[in-house]
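Trainee: Before I ask anything, let me first share the structure, which is written out below as structure tokens.
Each value in this text was obtained by applying a stated rule to the coordinates, not by laboratory testing. Predicted model, so just to flag it, every value in this text is computed and none were measured. Positions of Cβ are backbone-derived with ideal geometry, glycine not excepted, and every protein chain shown enters the neighbour counts.
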Ligand code: 13P
């Protein structure tokens, strides 16, 4: 019922070689939604290459005196369709709070951008048994009645090679789904992110409540990213 969404987060890296060529694996696929979050510099190239894309962050105000920022509106005007909100690296490096993330999500919706909102606990929060409380607080402020995508990215699994087990991920995804209002519960996509690779994608994507992936490191390798897209296609 929910179409898989496979998203690449290129973080502060240039577009992988060949990514913007026609026929690249980052372009639209028939049975799976494929989206890329490049740096601001690569957004125009992605749009020219007909890759569905969005910024990794955007200012909520349309324009103004905010040195170094780029607004969600500017991204929308450029041709973006998506916006990543609240990645844990933004929360950690730039002090984005749950409320800041919700404001970005709402601003994106108002502009007609589809928000992909990241949530997830740190290792110490999980060790303290607080992972559900943390994620619940991150989710509670979001406009869950709207068409948004949630990405569960346990911070301890990002870039560490330490993936959440399919059971751990499924448990959290089911918990997140239970927090979504009933009329959106079955249609809202919840992606998993954190060291997703071709060799663990199948067991993660096979879980009932995992509707795709938000992929960092492996999204910079076109072959690996393509293999994950193919896996999602074969599971569709
Ligand atoms: P990795 O796939 O490199 O662990 O990164 C995940 C991530 O942060 C995607 O947003």
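Trainee: To the nearest 500 deg cm²/dmol, what mean residue ellipticity at 222 nm is calculated for the chain from DSSP H runs of n ≥ 4 alone, each contributing -39,500 (n - 2.57), summed and divided by the residues?
Mentor: Per the formula, -10500 deg cm²/dmol.
Trainee: Another question, then. Please state the relative contact order of the stretch 54-191 as a whole percent: Cα pairs under 8 Å, 6+ residues apart?
Mentor: Value for the stretch 54-191: 20 percent.
Trainee: Using only Cα atoms, locate the centre of the stretch 14-58 and the centre of the stretch 82-144, then give the distance between them in Å, rounded to an integer.
Mentor: Taking the Cα centre of the stretch 82-144 as reference, the centre of the stretch 14-58 is 23 Å away.
Trainee: What percent does the relative contact order of the stretch 197-236 come to when contacts are Cα pairs within less than 8 Å and at least six residues apart?
Mentor: Across the stretch 197-236, relative contact order equals 54 percent.
Trainee: Relative contact order, percent, of the stretch 2-108 when contacts are C-alpha pairs under 8 Å separated by at least 6 residues?
Mentor: Computed over the stretch 2-108, the figure is 21 percent.
Trainee: For the stretch 111-219, I need the span (max minus min coordinate) of the C-alpha atoms along each principal axis, in Å, sorted largest to smallest.
Mentor: Between the extreme Cα coordinates on each principal axis of the stretch 111-219 lie 34, 30, 26 Å.
Trainee: Take each of the peptides 178-186, 149-157, average the number of other beta-carbon atoms within 10 Å over its residues, and list them starting from the highest.
Mentor: Ranking, from highest mean packing down: 149-157, 178-186.
Trainee: Going by the alpha-carbon gyration tensor, a ≥ b ≥ c the square roots of its eigenvalues, is the chain rounded (a/c under 1.5) or, if a/c is not under 1.5, prolate (a/b greater than b/c) versus oblate?
Mentor: rounded
Trainee: Given a Förster distance of 45 angstrom, what is the FRET efficiency for residue 124 paired with residue 31, based on the Cβ-Cβ distance and rounded to 0.05?
Mentor: Between residue 124 and residue 31 the formula returns 0.70.
Trainee: Among 61, 89, which comes first, second and so on when ranked by fewest other beta-carbon atoms within 10 Å?
Mentor: Exposure proxy ranking, most exposed first: 61, 89.
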